[in-house]
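Chemist: Dropping a structure here in structure tokens format, bear with me for questions.
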Number of protein chains: 2
Amino acid sequence: MKGRLAVIGLGPGEDALLTPQALAALADAEALYGYGPYLDRVPARVGQSRHGSDNREEGTRAAAALVHAAKGAIVAVVSGGDPGVFAMAAAVCEQIEAGPPAWRVLDVRVVPGITAMLAVAARVGAPLGHDFCAISLSDNLKPWDAIERRLDAAASAGFVIALYNAASRARPWQLGAAFERLRRRLPATTPVVFGRAVNRPDERITVATLTDADPAGVDMATLIIVGSAETRVIERPGLPPLVYSPRGFAQAGRADSIPETSA
Amino acid sequence: MKGRLAVIGLGPGEDALLTPQALAALADAEALYGYGPYLDRVPARVGQSRHGSDNREEGTRAAAALVHAAKGAIVAVVSGGDPGVFAMAAAVCEQIEAGPPAWRVLDVRVVPGITAMLAVAARVGAPLGHDFCAISLSDNLKPWDAIERRLDAAASAGFVIALYNAASRARPWQLGAAFERLRRRLPATTPVVFGRAVNRPDERITVATLTDADPAGVDMATLIIVGSAETRVIERPGLPPLVYSPRGFAQAGRADSIPETSA
């Protein structure tokens, strides 16, 4: 018998965004590894063991799951959102590269999920409708000046910017510094979307301008989208505004257009 | 009775990646609008009308769906992948902004989906495990020099790059020009992933280096991921290689680490 390892994306918040592929992979697993709150989202199943760990222990969690799978078990590592976006899939690959040869011949499969920026974007309209980027504001593993360089490059080149890992108790100042940095290059009126706990009962979505954007209240459950200079806000009577980035330059309302992607 | 409009992401390829939220929204709709091949993925239902159109008619399709919803119907516009990423959600917002006041008070909802870059990334490991961007190579609605500026900025600042709308019969040269541009700034050995028809029976995934990356055979169903200088390839005996971008700089194999995102 040969072990297998699946790295599974649970999507954001509730199960309405969990894919059938992820459900099947969860049902298949004999052992689940993950950050405690993510494991709590998976219903218990007889005969399936659970191995929770702190969210700062990605490397050791990935190694433990690989050791278990290499013994012949069907193991799953769970991530919120998509496991390939600032989450467990890269941690597993890092361990495989550094680990014993037996880990390279394991059947490793990544099951994608709806990542937070897509869920937050959907809630407000289409802020990611034009070229965009995703930046983790965590400077635990990369120098802050690399993050600043990326913020500058993205804002100057016209990318909409999704900010992951925007703030935590251990990293309280980075988001304010990022907003300061972006204010040098983007219009004061640039829309900023704060999406907290998206798709959960305590979801909170707010829209500000870059001038007024306030890091207070932002935590690890918050995903932020900073528009480009082209991003627009449509005010609607009695409804929250729509925020969107037009598909092209100066063409809102123009009839046609870019072919829709079919990739 | 008040009309509603849902803009629904079908995910890539087969239904294993279609979310329950998307399924429910499809079941709810009285009328479906979309590019023909996407409509073909939705099982027929008695009493549900279908309005297919060409993939270059996004603006007129969005307007037709809004007109229909404003008459009081429950209408859905379907997109492959995620509707917010180079797809119909922005087209709908553009029409709302330019359209009659009645469209601003419609109940408009976007249902996210697994976008192609997440599905392709999952197939090869974790190439999007570090900061990344998504660029549409279509110059139908933005000037080519803006695309070149974004490619330069992204490569120089260390972003992994996902290329959407990489090539079509009407845009045969753009991808080759993009590879040329990227070769000036990225190492010759930078991994490039070609993912065609991901999650469909005719799926084809290949990994090349930037030097060898060949635009031939790339079409509208192909999503391309160009690594950063940090992106790595793990060769595996008897298995396809894993491609991943480490979470931080020069730390593969290091124990711990960036807190996993919980957004």
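Chemist: Of B:L23, B:L186, B:L239, which has the largest mean-square fluctuation in a 10 Å C-alpha GNM of chain B?
Modeler: In this elastic network of chain B, the residue with the biggest mean-square fluctuation among B:L23, B:L186, B:L239 is B:L239.
Chemist: To continue, here is another question. Quick check on chain A: helices-only [θ] at 222 nm, where DSSP H runs of length 4 and up contribute -39,500 (n - 2.57) each and the sum goes over total residues. Nearest 500, please. Could you put the intermediate results ahead of the total?
Modeler: Working: 8 runs with 74 residues, N = 263.
The helix contribution divided over chain A gives -8000 deg cm²/dmol.
Chemist: If each label sits 7 angstrom from Cα along the C-beta direction, how far apart, in nm, is A:A16 from its counterparts in the other copies?
Modeler: 2.6
Chemist: When DSSP assigns beta bridges and you keep just the ones with both residues in the protein assembly as shown, what percent turn out antiparallel, to the nearest 5?
Modeler: Numbers: 43 of 97 bridges.
If I count the DSSP bridges inside the protein assembly as shown, around 45 percent turn out antiparallel.
Chemist: Would you mind pulling out the separation of the Cα centroids of region B:61-77 and region A:128-205, in Å?
Modeler: First find each Cα centre; the distance between them is then 34 Å.
Chemist: If you restrict to DSSP beta bridges whose two residues both lie in region A:1-123, what percentage is antiparallel, to the nearest 5?
Modeler: Working: 1 of 21 bridges.
If I count the DSSP bridges inside region A:1-123, around 5 percent turn out antiparallel.
Chemist: Same structure, new question: Placing a label point 7 Å from Cα toward Cβ, how far apart in nm is A:R41 from its equivalents in the other copies, listed shortest first to one decimal?
Modeler: Spacings between copies for this position, smallest first, are 2.2 nm.
Chemist: Let me ask something else about it. Take the Cα coordinates of the protein assembly as shown, assign each an equal point scatterer, and use the Debye formula without solvent to give log10 I(q)/I(0) at q = 0.05, 0.06, 0.09 Å⁻¹.
Modeler: -0.17, -0.25, -0.57
Chemist: Mind putting a number on the dipole of region A:4-114 about its Cα centre? Charges go on the C-beta only, +1 for Lys and Arg and -1 for Asp and Glu, and I need it in Debye to the nearest 20.
Modeler: Numbers: 9 positive and 12 negative charges, 56 e Å.
Roughly 260 debye, rounded to the nearest 20.
Chemist: Just to be sure I understand: of the beta bridges DSSP finds with both ends in chain B, what percent are antiparallel, rounded to 5?
Modeler: Details: 20 of 47 bridges.
Here the antiparallel bridges make up roughly 45 percent for chain B.
Chemist: Against the empirical 2.2 N^0.38 Å scaling, what ratio does the C-alpha Rg of chain B come to? Walk me through the numbers on the way to the answer.
Modeler: Values: Rg = 20.0 Å, N = 263, 2.2 N^0.38 = 18.3 Å.
Taking the Cα Rg and dividing by 2.2 N^0.38 Å, one obtains 1.09.
Chemist: What gaps in nm, shortest first, separate B:P101 from its twins in the other copies when you place the label 7 Å past Cα toward the beta carbon?
Modeler: Going from nearest to farthest copy, the values are 7.6 nm.
Chemist: Counting only C-alpha contacts under 8 Å and six or more residues apart, can you give the relative contact order of chain B as a whole percent?
Modeler: Details: 501 pairs, mean separation 49.4, N = 263.
After rounding, I find 19 percent.
Chemist: Debye sum, Cα scatterers, region B:4-114, no solvent: what log₁₀ I/I(0) at q = 0.13, 0.22, 0.23 1/Å?
Modeler: -0.40, -1.21, -1.33
Chemist: Now for a separate question. In the Gaussian network model of chain A, springs joining C-alpha atoms below 10 Å, which of A:A197, A:A102, A:A134 carries the largest mean-square fluctuation?
Modeler: For chain A, modelled as a Gaussian network with Cα springs under 10 Å, the answer is A:A102.
Chemist: How about region B:47-102: which trypsin sites (Lys or Arg not before Pro) there are in a DSSP loop, with at most 14 other Cβ atoms within 10 Å of their Cβ? Before the final figure, lay out the partial values.
Modeler: Working: sites: B:R50, B:R56, B:R61, B:K71; in loops: B:R56, B:K71.
Passing sites in region B:47-102 are B:K71.
Chemist: Then there's this: For a quick check, take a GNM of chain A with Cα springs below 10 Å and name the residue from A:V243, A:V124, A:V42 with the largest mean-square fluctuation.
Modeler: Top of the fluctuation ranking is A:V42.
Chemist: Sticking with this one: Say a site is exposed when it is one of the chymotrypsin sites (Phe, Trp or Tyr not before Pro), sits in a DSSP loop, and has at most 16 other Cβ atoms within 10 Å; what is then the longest site-free stretch of chain A? Provide the component values of the computation, followed by the final result.
Modeler: Values: sites that count: A:W173, A:F249.
With a cap of 16 other Cβ atoms within 10 Å, the longest stretch comes to A:1-172.
Chemist: With 10 angstrom as the radius, rank A:L106, A:L242, A:L5 by how many other C-beta atoms surround their C-beta, starting from the fewest.
Modeler: Starting with the residue having the fewest Cβ neighbours, the order is A:L106, A:L242, A:L5.
The numbers here are math on the coordinates, done by the rules we state, and not lab data. Every value quoted in this text rests on a predicted model; they were computed, and no experiment measured them. Positions of Cβ are generated from backbone atoms using ideal geometry, with glycine treated the same way; all protein chains shown enter the neighbour counts.
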